[in-house]
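The values are calculated or read from the model by the stated rules, or taken from the named source; none is laboratory data. Note that the structure is predicted; figures quoted are calculated from it, not measured. No Cβ is skipped: glycine too gets one built from the backbone with ideal geometry, and neighbour counts run over all protein chains shown. These area figures cover heavy atoms from the full protein model, side chains too; ligands, DNA and RNA do not enter into them. Shrake-Rupley method; radii C 1.70, N 1.55, O 1.52, S 1.80 Å.
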Amino acid sequence: MTGGTNRSIVTITLGLVLLLTGVARAEDGPGELHSVLKGMFRFSAVKTCTEAVLGSMVHFYFSGAIVYDGNGSAKLTQQGTVVLPGSTATSFEESAQLTYVLKPNGSFVQQGTFIAVDHSYTVTGARMIGQIDAQGSLLMLNGPIPAEQETVTTSGGSVSQYLCGASGTAVRIR
């Protein structure tokens, strides 16, 4: 596996984490739901991706923080480990700008673009679906089912596509 493919995998993982970690509190009924989701959450998640052409699998383990602005946008930072075919493990660190849509029943969809801290890759198409608990302090996160395609572009211009599944939890930090 080339360095570009490794970075692409890492990028996909980070994107999922961002999507997995974004929700605070929702209220039933009308109102400004996005304003309820404001503040910092710590999260951990796992993600498994299959490269669309070769079919090789990559596993990601990550944790980080996400800050919601209460207006439908969030900023995520995360660090983790990606395990590549052949049991090669590599660390990564990335950030993302996210948007989210929070529904009155507490479910949400979050998506955005992830960028490696060293600018070696960008992940697009990362989307997470989740549910907020009634107190707005715990988030349950998962990738969309069926899986949707994520695209990883390296700084050298190499492009790879992946189908990924993920799950995680996030806790509000007060």
Restricting the search to region 77-90, which residues are assigned to a loop (DSSP other than H, G, I, E, B) and surrounded by fewer than 14 Cβ atoms within 10 Å (Cβ to Cβ)? GLY86, SER87
Given the conditions (1) without any contact (Cβ under 8 Å) to a residue 24 or more places away in the chain; (2) crowded, with 17+ Cβ neighbours inside 10 Å; (3) hydrophobic (A, V, I, L, M, F, W, C), every one holds for PHE108 apart from (1)
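So, of the residues in region 91-105 that are open to solvent by 20 Å² or more (accessible area, probe 1.4 Å) and assigned to a strand (DSSP E or B), which turns out to be farthest from GLU148 (Cα to Cα)? Quick ask: steps written out before the conclusion?
Kept after step one, since they are open to solvent by 20 Å² or more (accessible area, probe 1.4 Å), are these residues of region 91-105: 91, 93, 95, 97, 99, 101, 103-105.
Add one more test, that the residue is assigned to a strand (DSSP E or B), and what stays is 91, 93, 95, 97, 99, 101.
Details: SER91: 24, GLU93: 23, SER95: 21, GLN97: 19, THR99: 17, VAL101: 18 Å.
This residue is SER91.
Which count do you get for residues in region 76-103 that are of a type in the set (Phe, Trp, Tyr) and either farther than 26 Å from ASP133 by Cβ or out of contact with any strand residue (DSSP E or B) (no Cβ under 9 Å at 6 or more places or on another chain) (or both)?
Keep residues of region 76-103 that are of a type in the set (Phe, Trp, Tyr), which gives 92, 100.
From the residues that got through so far, the ones that are either farther than 26 Å from ASP133 by Cβ or out of contact with any strand residue (DSSP E or B) (no Cβ under 9 Å at 6 or more places or on another chain) (or both) too are 92.
So the count comes out to 1.
Give me the residue from region 111-147 that is small (Gly, Ala, Ser) and surrounded by 17 or more Cβ atoms within 10 Å (Cβ to Cβ) and, out of that set, modelled with the lowest pLDDT. Walk me through it before giving the result.
The initial filter retains those residues of region 111-147 that are small (Gly, Ala, Ser), namely 112, 116, 120, 125-126, 130, 134, 136-137, 143, 147.
Those left that are additionally surrounded by 17 or more Cβ atoms within 10 Å (Cβ to Cβ): 112, 116, 120, 125-126, 130, 136, 143.
Details: GLY112: 94, ALA116: 95, SER120: 94, GLY125: 88, ALA126: 90, GLY130: 88, GLY136: 82, GLY143: 88.
This residue is GLY136.
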Do you know which of the residues in region 92-109 that are modelled with pLDDT under 95 and among the small types (Gly, Ala, Ser) is farthest from the chain's Cα centre (by Cα)? GLY106
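Determine if region 154-172 includes at least one residue that is within 24 Å of ALA52 (Cβ to Cβ) and basic (Lys, Arg).
If we filter region 154-172 for residues that are within 24 Å of ALA52 (Cβ to Cβ), which is where we start, we get 154-168.
This time we only want the ones that are basic (Lys, Arg), so: none.
No, region 154-172 contains no residue that is within 24 Å of ALA52 (Cβ to Cβ) and basic (Lys, Arg).
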The number of residues in region 148-160 that are open to solvent by less than 70 Å² (accessible area, probe 1.4 Å) and touching a residue at least 60 places away in the same chain (Cβ under 8 Å) is 6
Tell me, which residue of region 45-76 that is open to solvent by 60 Å² or more (accessible area, probe 1.4 Å) and assigned to a strand (DSSP E or B) is farthest from GLY136 (Cα to Cα)? MET57
Hey, HIS34 hits all of (1) modelled with pLDDT of 90 or more; (2) open to solvent by 20 Å² or more (accessible area, probe 1.4 Å); (3) not charged (D, E, K, R) but one; which does it fall short on? (1)
